[in-house]
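Reading through the structure tokens given below for one structure.
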Amino acid sequence: MSTPSSHWLMLSRAKSRRKFRASLGAEGHFRFCFRFACEGMAAASGKRLPSILGRWRRGLRMAPQSRALAALVRGVSQVDNKSDFLGKKPHRRHPGILRLPCVQLPQALADAAQLLLLQNAVPNVEKHVQALTNYLWSRHLPVEPEELQRRAVSLEKKFLENADSSQTEEKLRGAVLRALRKTTYHWQELSYNEGLSLVYMAARLDGGFAAVSRAFHEIRTRIPEFQPQTLMDFGSGTGSVTWAAHSAWGQSLREYLCVDRSAAMLDLAEKLLKGGSESRDPYVPGVFFRQFLPVSPKVQFDVVVSAFSLSELPSKADRTETVQNLWRKTSGFLGKEKSPLDPRPGFVFAPCPHELPCPQLTASRSLACSFSQGYHPIPFSWNKKLKEEKFSLVILARGSPEEANRWPRITQPVLKRPRHVHCHLCCSDGHMQHAVITARQHGRYGGVGDVTQILGHGKKPQPTLTSLFLSHRDLYRCARVSSWGDLLPVITPSDFPPSSAQDPPKS
């Protein structure tokens, strides 16, 4: 037990240490503490000093100066602190966070889906659901007539080079047709009857709801003042868009128009709204069903959605014409082309932070720009575990691109490592970049100093830029809590010269 004199001795020594520390300054104090600790370790374990000292030095290094994957984002100079965008919020709530927690169907919709499947007693429903899911995921777009003609000419030339003198023109044509059948995808139009509609509901209702909810969540998060009153869903199917829109803007939406050419799908969507019965009142009021688009070009909607339906059209010309028709009926969010009825231009609201061709499709190694959303499936007997819905989306809006936030989009899962993170970004200059963000260069106590060492993928390092990181508003912490699909709150200097397109690096 310590005596009063020993307490006084400890206190006096503490005061002496504080005076000594103040005389040394911050840098001298750090060196003194490091030397004092090394001497103490040497006295305690003489032969172990080299290994202990090595571990100590490794612990002091915040992040190495260079790494094999240190291709930092081109043109990104600093955290966007110009408007105090964090306020009093923590980093995990920075305005680029767009992730949506695991989505769950409204209880009324889940109960109605289970009731309808029990009432109709579809045989081997689990087997049919799995078969339809596999077929939809493996389905391709139909081959265009021009591409089919090009393949036929190529095969004909190949056969003529190796043909014998006895081969007639009819035999040559038959050989070309047989080769085309073997190498060409056989696209068929899906026709949904009552039974197939129920199987589609069991297979895709929850996943489609999750994907659309994620898209609506981004609009609500970035533009909270947007309160649509009308919505049109082209290719409405089971009505998942209506349910997701009601969950997002149920207080403002007054009219929902569901368009689908399948009468069986429209009947099923109406039954789901009425809880599995035709006599109940609909859970969502103001929903109307049609098999064709409104003819009048003056009819417009605040939000127009086409979810998982454009790929069911037979040709590129049909898809282009449909998108143009939908854009003419849009007063808020959808298409890209300019409408003669609405002078406001269109721009890409999400996911791209630019108006340029997709860098992932123009690269030598083409990649799909896709995202993921977790959801709770409908609690059927075979649906017990949480699932992930992978999807691609594009949200286009009326207005000017200057009205939207052009922060880089994180296009792959964030790789988190000690004291640094790897982010794959789609930047506002139309290029993909692999950013390595370190605690040393981009951390909370960085102050004024080097921000990023600018490296284009496969290029030599360019001069580093400088920036002021405000306390609790640093790039490293924002990147650390970000995830796939979020926006990274950084700005690109306008005086930075554009660079040539680069392929996305292999992760």
>> How large are Rg and Dmax for segment 128-197 when calculated on the C-alpha trace, in angstrom?
In response: 17.7, 56
> How big, in percent, is the set of alpha carbon pairs in segment 238-294 lying more than 14 Å apart?
Replying inline: 52 percent
> For the pair residue 279 and residue 227, what calculated FRET efficiency results from E = 1/(1 + (r/R0)^6), where r is the Cβ-Cβ distance and R0 = 22 Å, to the nearest 0.05?
Replying inline: 0.10
> Given the Cα-Cα distance of residue 325 and residue 89 and 0.36 nm per residue of separation, how much length would full extension add, in nm?
Replying inline: 80.7 nm
> Quick one: if you take sqrt(5λ) for each eigenvalue of the C-alpha gyration tensor of segment 157-201, what semi-axes come out, biggest first, whole angstrom?
Replying inline: 42, 10, 5
> What accessible area per residue comes out for segment 143-183, rounded to a whole number of Å², with a 1.4 Å probe?
Replying inline: 84 Å²
>> What FRET efficiency comes out for residue 372 versus residue 170 if R0 is 56 angstrom and r is the Cβ-Cβ distance? Round to the nearest 0.05.
In response: 0.60
>> Can you compute the radius of gyration and Dmax for segment 121-241, using only the Cα atoms, both in Å?
In response: 23.2, 76
> So how much accessible area does residue 274 have, in Å² to the nearest 10, using a 1.4 Å probe?
Replying inline: 40 Å²
>> Just want the answer: with Cβ charges of +1 for Lys and Arg and -1 for Asp and Glu, which residue in 180, 154, 167 is farthest toward the dipole's positive end in segment 143-183?
In response: 180
> How big is segment 143-183 on each of its three principal axes, counting only the C-alpha atoms and giving the largest first in Å?
Replying inline: 33, 15, 14
>> If I ignore ligands, DNA and RNA and count only protein heavy atoms, how much of residue 200 is accessible to a 1.4 Å probe, in Å² to the nearest 10?
In response: 40 Å²
>> For a quick check of understanding: with a 1.4 angstrom probe and all protein chains in place, what accessible area in square angstrom does residue 477 have, to the nearest ten?
In response: 90 Å²
> Quick one: length gained pulling residue 384 to residue 365 fully straight, 0.36 nm per residue minus the C-alpha distance?
Replying inline: 3.2 nm
> Say R0 is 30 Å: what FRET efficiency, to the nearest 0.05, do residue 315 and residue 120 get from their beta-carbon distance?
Replying inline: 0.30
> Which order do 476, 256 take when ranked by solvent-accessible area (1.4 Å probe, heavy atoms of all protein chains), largest first?
Replying inline: 476, 256
>> Can you list residues from other chains, or at least 5 along the same chain, whose modelled amide H is less than 5 Å from the amide H of residue 349?
In response: 395, 396, 397
>> Is there a quick way to get the dipole size of segment 143-183? I mean about its Cα centre, with the Cβ of Lys and Arg at +1 and of Asp and Glu at -1; what is the value in debye to the nearest 20?
In response: 200 debye
>> For a quick size check, give me the Cα extents of segment 201-254 along its three principal axes, largest first, whole Å.
In response: 35, 20, 17
> Can you work out ³J(HN,Hα) from phi for every residue in segment 396-401, in order, using Karplus 6.51 cos²θ - 1.76 cosθ + 1.60 and θ = phi - 60°, giving whole Hz and x for Gly and Pro?
Replying inline: 10, 9, 6, x, 10, x
> For a paramagnetic label modelled at 7 Å from the Cα of residue 102 toward its Cβ, which residues of segment 361-380 fall within the zone defined by backbone nitrogen distances under 18 Å?
Replying inline: 372-380
>> As a quick test, which of the pairs 127/387; 127/329; 157/316; 182/384; 158/316; 127/416 have an alpha carbon distance above 30 angstrom in this structure?
In response: 127/329; 182/384; 127/416
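The values are calculated or read from the model by the stated rules, or taken from the named source; none is laboratory data. This structure is a prediction, so every number in the text was calculated from the model and none was measured. We place every Cβ from the backbone using ideal geometry, glycine too, and count neighbours over all the protein chains shown. In case anyone asks, the SASA skips ligands and DNA or RNA and just uses the protein heavy atoms, side chains included. Shrake-Rupley method; radii C 1.70, N 1.55, O 1.52, S 1.80 Å.
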